[in-house]
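The values are calculated or read from the model by the stated rules, or taken from the named source; none is laboratory data. This is a predicted model, so every value here is computed, not measured. Here Cβ is always computed from backbone atoms with ideal geometry, including for glycine, and neighbour counts include all displayed protein chains.
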Amino acid sequence: MTKLSLINIIKYNPLIYKIYFNVGNLAIRILKLFIRHNDRRIFFISFGGRKFDDSPKAIYERLINDSRFDSYELIWAFQNPDKFTIPKGIKIKTDTLKYFCILLSSRVWITNSSVERGLRFTGKKTLYINTWHGSPIKKMGTDMPNDNSSFLGAGDDSNTDIMLAQSNFEVNIFSRVFKIPKERFRLTGLPRNDSLIEDNRPEHIKILKKRLGIDTDKKVILYAPTFREYQRGINNGCMLTPPITPKKWAKALGNEYIFLLRAHYEVVRFLIADGGDFMLDVSDYPSLNELMLVSDILISDYSSIFFDYSILCRPMLTFCYDYNEYAEKRGMYFDIREELKNDSKTEDELISKIKYLAYENQSEISRYFKHKYISECGCASQKTLEIIYRNL
């Protein structure tokens, strides 16, 4: 049995999860008795240790250049530490005794999801900061349908001391589904989105295109669908099979566009046939923001990427080919098709809309979407550092 399959069994089997939760929490309480607090240790983890990315990375990169934190020990936790190179700091492996010892001793926890590995505890005198990793379109936590067995450990993050948000839309939902009092939220914007403003320059975008091997004369389509937790395959991992025929796309759009495929981090298999030079799978590319910056059009479905991409005020198209099934099984807070007013149910319809896209009109819809759902963006990393420093 692989580690991934074991994690999925624990995560999605109610009885096994309950045993893990109770036994694990008891073990942590005992371990905590023997841990000495380190007042100058800051702990980071992103996407459960899968990546060196997102808002924790943005905060970290700002923090290591701030002299106020020079004397602090900085720890990053990864599932596979050897895969990552980080400036300064110390790398540790998740799900080890050392992981929990360092976690319990740290003064600050910074994450975009959680740190407790499905358990529920805090360290000694810990400041717990959660940036989360996107605004919600699909329902979350206690708002999800009762028959949805995913995320059994979700629904109570009340140990969080400070939760970052980019709008009251987020605050109202997150405070309810995570049981976090509204007074613990800070409207800073998302630190990860700072670079969408700072790096949105033609000369920088040209450099990024060359790094990705993209013809600088071609436009770029970024396709970034979310996962379907009810579609599972090998080791109970999420699979995704969108109705896309690469040859058809290449024939219709290949002279003008490059197509980038970006799977959600929960997806273990993204089943699309080889698209040749026209379609590039960038699921493992380390920076989603760079992919957004080089792209001219975003295609997605029920993903929070729409909120982030709207900061660029570029066209966003919905491809909600399974809307009724997804709405029934997962649930949504609003109909993204109505917000962006350019949905396609088939790939032929989507290809046609791209070919005859009214770029400025669709960009204006994106601007309106941003105005409606994002009240704070820019300088979020620095704002977060000020929050940390004031609370140390």
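How about segment 280-311: which of its residues are closer than 29 Å to Asn324 by Cα, free of Cβ contacts under 8 Å to residues at least 40 places away in the same chain and within 14 Å of the chain's Cα centre (by Cα)?
Ser283, the sole residue that qualifies.
Does segment 132-140 contain at least one residue that is in contact (Cβ under 8 Å) with a residue 60 or more places away in the chain and closer than 19 Å to Tyr389 by Cα?
Checking segment 132-140: not a single residue is in contact (Cβ under 8 Å) with a residue 60 or more places away in the chain and closer than 19 Å to Tyr389 by Cα.
Of the residues Tyr333, Tyr359, which is surrounded by fewer than 19 Cβ atoms within 10 Å (Cβ to Cβ), over 30 Å from Thr188 (Cα atoms) and outside the structural domain of Trp109 (by TED's automatic domain parsing)? First the steps, then the outcome.
Numbers: Tyr333 fails: over 30 Å from Thr188 (Cα atoms).
Testing whether each residue is surrounded by fewer than 19 Cβ atoms within 10 Å (Cβ to Cβ), over 30 Å from Thr188 (Cα atoms) and outside the structural domain of Trp109 (by TED's automatic domain parsing) leaves just Tyr359.
Can you find even one residue in segment 74-83 that is at pLDDT 95 or above, over 29 Å from Ile16 (Cβ atoms) and not aliphatic (A, V, I, L, M)?
Yes; the residues of segment 74-83 include at least one that is at pLDDT 95 or above, over 29 Å from Ile16 (Cβ atoms) and not aliphatic (A, V, I, L, M).
Out of the residues in segment 154-170 that are touching a helix residue (DSSP H, G or I) at 6+ places or on another chain (Cβ under 7 Å) and either assigned to a strand (DSSP E or B) or of a type in the set (Gly, Ala, Ser) (or both), state the one that is modelled with the lowest pLDDT. Walk me through how you get there before you give the answer.
In the first step, residues of segment 154-170 are kept if they are touching a helix residue (DSSP H, G or I) at 6+ places or on another chain (Cβ under 7 Å); the result is 154-155, 160-165, 167, 169.
Still in the running and either assigned to a strand (DSSP E or B) or of a type in the set (Gly, Ala, Ser) (or both): 154-155, 162-165, 167.
Values: Ala154: 47, Gly155: 50, Ile162: 98, Met163: 98, Leu164: 98, Ala165: 98, Ser167: 96.
That would be Ala154.
Somewhere in segment 365-385, is a residue within 29 Å of Thr241 (Cα to Cα) and more than 21 Å from the chain's Cα centre (by Cα)?
Pass one, segment 365-385, residues within 29 Å of Thr241 (Cα to Cα): 365-366, 369.
Those left that are additionally more than 21 Å from the chain's Cα centre (by Cα): 365.
The answer is yes, given that some residue of segment 365-385 is within 29 Å of Thr241 (Cα to Cα) and more than 21 Å from the chain's Cα centre (by Cα).
Pick out the one residue from Ser366, Ser300 that is among the small types (Gly, Ala, Ser) and either out of contact with any strand residue (DSSP E or B) (no Cβ under 6 Å at 6 or more places or on another chain) or surrounded by fewer than 17 Cβ atoms within 10 Å (Cβ to Cβ) (or both). Walk me through how you get there before you give the answer.
Working: Ser366 fails: either out of contact with any strand residue (DSSP E or B) (no Cβ under 6 Å at 6 or more places or on another chain) or surrounded by fewer than 17 Cβ atoms within 10 Å (Cβ to Cβ) (or both).
Answer to the selection: Ser300.
Determine if segment 375-382 includes at least one residue that is at pLDDT 95 or above, part of a helix (DSSP H, G or I), closer than 23 Å to His204 by Cβ and out of contact with any Leu (no Cβ under 7 Å at 6 or more places or on another chain).
Yes, that holds for at least one residue.
Can you find a residue in segment 339-350 that is buried (at least 17 other Cβ atoms within 10 Å of the Cβ) and closer than 25 Å to Phe185 by Cα?
Scanning segment 339-350 turns up no residue that is buried (at least 17 other Cβ atoms within 10 Å of the Cβ) and closer than 25 Å to Phe185 by Cα.
Can you report the number of residues in segment 13-68 which are touching a residue at least 60 places away in the same chain (Cβ under 8 Å) and hydrophobic (A, V, I, L, M, F, W, C)?
Residues that pass the stated criteria total 13.
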